[in-house]
Amino acid sequence: MNNGSQVVVITGAAQGIGRSIATRFHRSSAKLALLDMDIKPFQEWIKELGRDVLLVKCNVTNRLEVEAARDQILAHFGRIDVLINNAGIGKSPHHLEEVKEEDWRQVLDVNLTGVFLCTQVFGTSMLDRGGAIVNISSMSGLIPSPLRGAYSASKAGVLMLTAQTALAWGRRKVRANAVCPGIIETTMATRNYKGPGSRQARIDLVPSGRLGTPEDVANVVFFLASPESEYINGEFIRVDGGFTLTTMLQYSNI
């Protein structure tokens with residue numbers, strides 16, 4: 001099955017990386033089920049997308065809502081071929097000793113439990129028939145990120161959940177892989193670049209010499225959902241322009 005005939009479920013699809021992923025699949029004529037807590041941002045966009053797009057309001061941390069979304073998608077399209085677990089949140093940076101328990105629980109609930117629920121609910125509909133799951137983790141799931149203890153822990157959990165899924169379901173024709181974006185210029189991320197020189201300082205840390213775009217991430221997700229990647233299972237792919245490599249570079253300069 002090529003990307004153009006796939007039914008693709010994308011969580012957190014209203015903006016940023018999720019929206020770019022949806023746009024990339026739409027260009028290939030895939031059928032899209034776009035999930036988000038707030039579907040208002042979709043209203044104008046849906047006029048552009050037009051055909052073969054289903055909007056579903058869904059809180060990924062609520063099993064009943066996820067199951068209702070699955071039922072709606074299956075009733076509309078008849079099957080699910082690809083699941084993109086993109087929905088996620090971050091919280092204001094805090095030192096570990098200052099992280100509030102309620103913030104910790106919320107971040108873990110959305111970023112990890114939400115991925116688990118969607119994997120279990122949507123993924124089981126693909127078992128033995130075949131499908132692909134792509135989870136959006138982060139470079140912060142691979143290396144510790146200062147002041148982001150809850151976020152880093154949640155994204156590291158996504159990587160292990162990805163590996164567990166690949167191991168458990170590989171023989172049942174469902175693959176699972178994860179993408180680890182680096183510094184990506186989304187609306188949410190650029191709020192951190194307001195200080196003088198802060199954007200350039202981040203660029204200086206990237207061997208590729210630029211910040212990433214949501215499209216950079218979307219292109220890798222598209223590949224991992226395609227038949228061309230059918231022998232890739234349980235993999236974590238960094239999309240960071242080499243940013244995480246600079247950790248050792250900085251160490252060598254000490």
If you take the alpha carbon radius of gyration of region 100-205 and divide it by 2.2 N^0.38 Å, what ratio comes out, to two decimals?
1.26
Cα extents of the chain along the principal axes, largest first, in whole Å, come to 57, 41, 37
Along each principal axis of its Cα atoms, how long is region 1-140 end to end? Whole angstroms, biggest number first, please.
49, 35, 27
For labels at Glu48 and Lys194 in the simple 7 Å Cα→Cβ model, what's the distance in nm?
2.6 nm
Max mean-square fluctuation residue, GNM over the chain, Cα-Cα springs under 10 Å, options Pro196, Pro207, Pro227:
Pro196
In nm, spacing of pseudo-spin labels at Glu67 and Glu215 (7 Å Cα→C-beta vector)
4.2 nm
Rounded to one decimal in nm, the spacing of the 7 Å Cα→Cβ label points at Gln120 and Met37 is 2.1 nm
Please work out the C-alpha center-to-center distance from region 52-68 to region 136-212 and express it in whole Å.
24 Å
Mean Cβ neighbour count within 10 Å, used as a protection proxy, ranking 53-60, 142-149 highest first:
53-60, 142-149
Going highest first, how would you order 164-171, 216-223 by mean Cβ packing within 10 Å?
216-223, 164-171
Which order do peptides 17-29, 69-81 fall in by mean Cβ count within 10 Å, highest first?
17-29, 69-81
Quick one, could you list the DSSP H helices from the chain stretching 18 Å or more along their long axis (Cα atoms) with average Kyte-Doolittle hydropathy of 0.5 or above?
149-169
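Any read-out appearing in this document is the output of simple, stated calculations on the displayed coordinates, not a laboratory observation. Fair warning: this is a prediction, and the values are worked out from it, not measured in the lab. Glycine gets a Cβ as well: all are built from the backbone with ideal geometry, and neighbour counts include every protein chain shown.
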